[in-house]
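Input: a single structure, listed below in structure tokens.
Where a number appears in this text, it was derived from the coordinates with a stated rule and is not lab data. Treat the numbers as computed from the prediction; the structure is a model and nothing was measured. Counting neighbours? That spans all protein chains shown, and the Cβs are built from the backbone with ideal geometry, glycine included.
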Amino acid sequence: MQRVPIAMCRAILATAALMMTGPGSVLAQRSAREIIDHVDRIMRGESSHGIATMEVVTEHWERSITMDVWSLGTEYTLIRITAPKKEAGTATLKAEDDIWNYLPRVDRTIKIPASLMMGAWMGSHFTNDDIVKESRLIEDYDITIGYEGVRDGVDVWELNLSPKPEAAVVWGRIEYQVRQRDMMPTWTRYYDEDGTLVRTFTFSDFRRLGGRLVPAVMEARPEDKPDERTTVRYSDLEFNLGLDQSFFSLRALRSGARR
């Protein structure tokens with residue numbers, strides 16, 4: 001059997017060690033992508049249905065709405081407001097690349113153009129894109145682990161997401177902090193193209209809903225209006241319901257979907 005030169009063995013071992021260590025390594029790159037993909041899918045599963053309450057607090061007014069949320073993978077989402085009564089039936093549908101709003105008071109269906117994806121949804125601090133998850137983080141961003149260690153007594157990863165050159169996204173950078181022990185997100189920070197922090201999401205009330213550990217509370221705060229906030233609280237979640245694409249139709253958007 002032909003012997004491998006010692007110098008070559010050392011080179012192979014050194015290369016393997018390089019690939020397995022450091023935030024910029026091949027292994028770390030793969031792990032960073034897997035972490036964000038997990039976080040991005042936490043509330044969806046293959047298919048899901050949830051009941052949530054959204055509370056919006058601004059300088060001039062406050063409001064609360066209750067809604068049903070259905071999803072199928074990353075391509076289909078249907079959200080229907082159930083309370084208060086004057087807004088019940090208002091709905092948002094995403095089916096592949098198309099997004100519509102239905103306004104029952106005027107019985108009108110409106111297709112949302114891409115230019116309005118960053119517009120506020122129902123006057124909240126969440127955008128249309130946030131609500132229907134139009135952007136896929138692992139597809140639109142290059143992801144690296146910027147920090148791995150202890151913060152406030154908790155082992156975490158802090159991940160940096162930079163948009164790919166061809167991605168049609170508006171954020172100049174996104175940062176995530178994720179707990180290592182259970183891969184739960186603790187906060188997300190969104191920056192504009194100039195590197196200025198625009199808003200922060202925080203996640204809390206980690207508990208099991210539908211047999212899965214999730215952050216039952218998500219709060220969005222704009223950096224330029226620190227006294228304003230939008231808080232979403234999930235009271236119920238179910239996963240893997242056997243929904244198919246036909247469930248997410250314009251007919252369902254207008255008529256009121258039921259499981």
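Which of the residues spanning the range 92-135 are of a type in the set (Val, Ile, Thr) and in contact with a strand residue (DSSP E or B) (Cβ under 8 Å, 6 or more places away or on another chain)?
Answer for the range 92-135, where residues must be of a type in the set (Val, Ile, Thr) and in contact with a strand residue (DSSP E or B) (Cβ under 8 Å, 6 or more places away or on another chain): 92, 99, 109, 110, 112, 127, 131, 132.
Filter the range 153-172 for residues that are outside any loop (DSSP other than H, G, I, E, B) and surrounded by fewer than 17 Cβ atoms within 10 Å (Cβ to Cβ); which is nearest to the chain's Cα centre (by Cα)?
162
Can you find a residue in the range 61-73 that is basic (Lys, Arg) and under 19 Å from the mean Cα position of the chain (by Cα)?
Checked the range 61-73: no residue is basic (Lys, Arg) and under 19 Å from the mean Cα position of the chain (by Cα).
Condition check ((1) more than 20 Å from residue 57 (Cα to Cα); (2) touching a Pro at 6+ places or on another chain (Cβ under 8 Å); (3) exposed (fewer than 12 other Cβ atoms within 10 Å of the Cβ)) across all residues:
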position	(1), (2), (3)
176	yes, yes, no
186	yes, no, no
195	yes, no, yes
198	no, yes, no
203	no, yes, no
225	no, no, no
229	no, no, no
245	yes, no, no
249	yes, no, no
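Which of the residues spanning the range 62-120 are β-branched (Val, Ile, Thr) and over 19 Å from residue 40 (Cα atoms)?
65, 66, 81, 82, 90, 92, 99, 106, 109, 110, 112
Among 109, 90, which is in contact with a helix residue (DSSP H, G or I) (Cβ under 7 Å, 6 or more places away or on another chain), over 23 Å from residue 201 (Cα atoms) and in contact (Cβ under 8 Å) with a residue 12 or more places away in the chain?
One residue alone meets the criteria, 109.
If I filter the range 210-223 down to residues being hydrophobic (A, V, I, L, M, F, W, C) and surrounded by 19 or more Cβ atoms within 10 Å (Cβ to Cβ), which single residue comes out as nearest to the chain's Cα centre (by Cα)?
Among those that are hydrophobic (A, V, I, L, M, F, W, C) and surrounded by 19 or more Cβ atoms within 10 Å (Cβ to Cβ), it is 218.
Pick out, from the range 196-259, the strands (runs of 3 or more DSSP E) lying fully within it that include 2 or more residues that are without any contact (Cβ under 8 Å) to a residue 60 or more places away in the chain.
Because the criterion is at least 2 residues that are without any contact (Cβ under 8 Å) to a residue 60 or more places away in the chain, the strands (runs of 3 or more DSSP E) in the range 196-259 that meet it are 197-209, 212-222.
Being in contact (Cβ under 8 Å) with a residue 12 or more places away in the chain and among the acidic types (Asp, Glu) is the filter; apply it to the range 93-102 and report the residue that is nearest to residue 74 (Cα to Cα).
96
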